[in-house]
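Novice: Here it is: the structure, laid out below.
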Amino acid sequence: MADKTKPIANAELILREEFDDWAVLFDPDSGNGFGLSPTSVFVWKLLDGRHTEEDIVEELRRNFDDVPEDAEGHIREFVQDLVSRGFAGYEIKAL
Amino acid sequence: MKIMRTPRSLDLEITSRCNLRCQYCSHFTSEGDVEDDLPLAEWLAFFEELKRCAVIDVCLQGGEPFFREDFKELLQGVVRNRMRFSILTNGTLITDEMASFLASTGRCNAVQVSIDGSVPFTHDAFRGEGNFRRALNGLRCLLRHGLSATVRVTIHRKNVLDLEAVAKFLLEEVGLPSFSTNAASHFGLCRKNSEQVQLTVEERSLAMETLLKLSRKYPCRIEAQAGPLAEATGWIEMEQARCQDKDQLPNRGYLTACGGVMSKMAIRADGIMIPCAQLPHMELGRINRDDLGEVWRKNSEFNRLRDRVKIPLTAFDYCRTCDYANYCTGNCPALAHTMSHDAWCPSPEGCLKRFLEAGGWLPRSNMSSNK
């Protein structure tokens, strides 16, 4: 059963950090690339199956100034977008 | 100048060997024509470093990449390390089974086959008898397996009058979406065979005219980054700027011709890191000994090559009085090196002023005005 609280990045994707903490998320199977802002890169690196979305927001507040009040909603939306594209998922625990 | 942490792509000369000896081959007799190919294990270890560096794709070239007996194992290493690939080939060794294997990887960006004619005579003139048929067989195998197969036509003295038939053959009969052109240039074996192979000024002018006409007939289906079509496009733009008395064209007036060194580099068949496959003498380090990212970011010669863009064309005597200096990029650094042993100067081969002084002409139907 999937624990849908702690998202995990798809290990088949490549995170290419290029300039000023901006990055490209590249899918070698499709050849598609997606630009990630420094904040998105920070979030991506926390998609390790150990952090919940709440944990990620907390880490964001610790590391960035002026994190908006509604950050949690944005993070949830971002993670769900990644999940819907197959870029992230959840660990399936053995029964 | 901002530099990426690691290169995005690499050109890998996986072998120095080839089954052909095309008379204008840029590889043979160049400093990239090395004695021994790296063993498979060295390439596989290097691919792991490329994965750590988040390299996106590699272009496998040579020599002839399919000449390597362990080509499939090598390619599996590329795929295992999450990269995509493209291949530059003469096409003659591609079998149906190999094309099927390439397709099965799901990671092939493109395979570029060299085809220089519409009939065996023009292709085989400098590539050897029977190779038109073999290359075409290879190309058809790729297409049958749904791979993105592209064709590069190298223009020379024996096919310059065949260009209309080449376009018709590739685009209408073979059914390719597009093809690209360049010209036999002053690299490798071509240096020795220049007179027989390289276009004269008249032939170059004729090729420009023909290719522009074909580009209108087949819109967006004939491409070029070098050679007569690229020159025609660039030089017409420069001539129009001169006629309109423009101060400068964007990003011109300096040695800005090649941006390749900002996103990619190359590896020779012996594992030596070089900035570009056409600058094989410029040794930057060795794979599996030197850290790729360190060489990429910190090698002083590499950074000096990137800094070429800061050198104004007016720094050179020949360019100082040139009417086109503010519209010119100084052209390919590798050609500058091979012709004048200095990559930090403009290339004489891509010089519009020299071309016109030698009696060359720009396609007149494309000029909006003359001054």
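Novice: Hey, any idea what Rg/Rh is for the stretch B:42-147, computing Rh the Kirkwood way over Cα pairs? Please report the intermediate quantities before stating the final value.
Specialist: Values: Rg = 14.8 Å, Rh = 14.5 Å.
In the stretch B:42-147, Rg relative to Rh is 1.02.
Novice: A further question follows. Charges at C-beta only: +1 for Lys and Arg, -1 for Asp and Glu. How large is the resulting dipole of the stretch B:187-320 about its Cα centre, in Debye rounded to 20?
Specialist: On the way: 21 positive and 18 negative charges, 58 e Å.
Once rounded to the nearest 20, the dipole reads 280 debye.
Novice: For the residue pair B:Gln196 and B:Gln225, what label-to-label distance in nm results when each label sits 7 Å from Cα along the Cα-to-beta-carbon direction?
Specialist: 3.0 nm
Novice: In debye to the nearest 20, how big a dipole does chain B give about its Cα centre with +1 on each Lys and Arg Cβ and -1 on each Asp and Glu Cβ? If you can, show how the numbers build up before the last one.
Specialist: Working: 47 positive and 46 negative charges, 211 e Å.
The dipole magnitude comes to about 1020 debye.
Novice: List the pair-distance distribution P(r) of the stretch B:307-367, using every Cα-Cα distance, as the percent of pairs falling in each 5 Å bin from 0 up to the bin containing the longest distance, rounded to whole percents.
Specialist: Binned Cα distances yield the sequence 4, 18, 25, 27, 14, 7, 4, 0.
Novice: Take chain B, compute every pairwise Cα distance, and split them into 20 Å bins from 0; I just need the percent in each bin.
Specialist: Calculated over all Cα pairs of chain B, the distribution is 28, 59, 13, 0 percent.
Novice: Now for a separate question. How big is Rg to Rh over the protein assembly as shown, alpha-carbon atoms, Rh as the Kirkwood inverse-mean-distance radius? Can you show the working numbers first?
Specialist: Working: Rg = 24.8 Å, Rh = 24.5 Å.
Using only Cα positions, Rg/Rh for the protein assembly as shown is 1.01.
Novice: Right, here's the next one. Suppose every Lys and Arg Cβ carries +1 and every Asp and Glu Cβ carries -1, with no other charges. What dipole size does chain A come out with about its Cα centre, to the nearest 20 debye?
Specialist: Values: 10 positive and 22 negative charges, 88 e Å.
Approximately 420 debye in magnitude.
Novice: Would you be so kind as to identify which of A:Gln80, B:Ala135, B:Leu40 lies farthest towards the positive end of the dipole of the protein assembly as shown, taking Lys and Arg as +1 and Asp and Glu as -1 on Cβ and the Cα centre as origin?
Specialist: Of the options given, the answer is B:Ala135.
Novice: May I pose another question? Can you sort B:Met208, B:Met273, B:Met98 from fewest to most other Cβ atoms within 10 Å of each residue's own Cβ?
Specialist: Details: B:Met208 26, B:Met273 22, B:Met98 19.
Fewest-to-most ranking of B:Met208, B:Met273, B:Met98: B:Met98, B:Met273, B:Met208.
Novice: Restricting the count to DSSP beta bridges whose residues both fall in chain B, what percent are antiparallel, rounded to a multiple of 5?
Specialist: Working: 5 of 34 bridges.
In chain B, approximately 15 percent of DSSP beta bridges are antiparallel ones.
Novice: Also, I was wondering about something else. Just need the Rg to Rh number for chain A, please, alpha carbons only, Kirkwood Rh.
Specialist: Details: Rg = 13.5 Å, Rh = 13.9 Å.
Computed over Cα atoms, the ratio is 0.97.
Novice: What are the DSSP H helices in chain B that stretch 18 Å or more along their long axis, judged by alpha-carbon atoms, and whose average Kyte-Doolittle hydropathy comes to at least 0.0?
Specialist: Numbers: long enough: B:40-52 (19 Å, 0.06); B:131-144 (19 Å, -0.22); B:201-217 (24 Å, -0.38); B:228-243 (22 Å, -0.25).
Membrane-span-like by this rule: B:40-52.
Novice: Given the options B:Gly359, B:Pro333, A:Val43, identify the residue whose Cα lies farthest towards the positive end of the charge dipole of the protein assembly as shown (+1 on Cβ of Lys, Arg; -1 on Cβ of Asp, Glu).
Specialist: Ranked along the dipole, the leading option is B:Gly359.
Here, each number is a calculation from the coordinates, and none is a lab measurement. Everything quoted here is computed from the prediction, not taken from an experiment. No Cβ is skipped: glycine too gets one built from the backbone with ideal geometry, and neighbour counts run over all protein chains shown.
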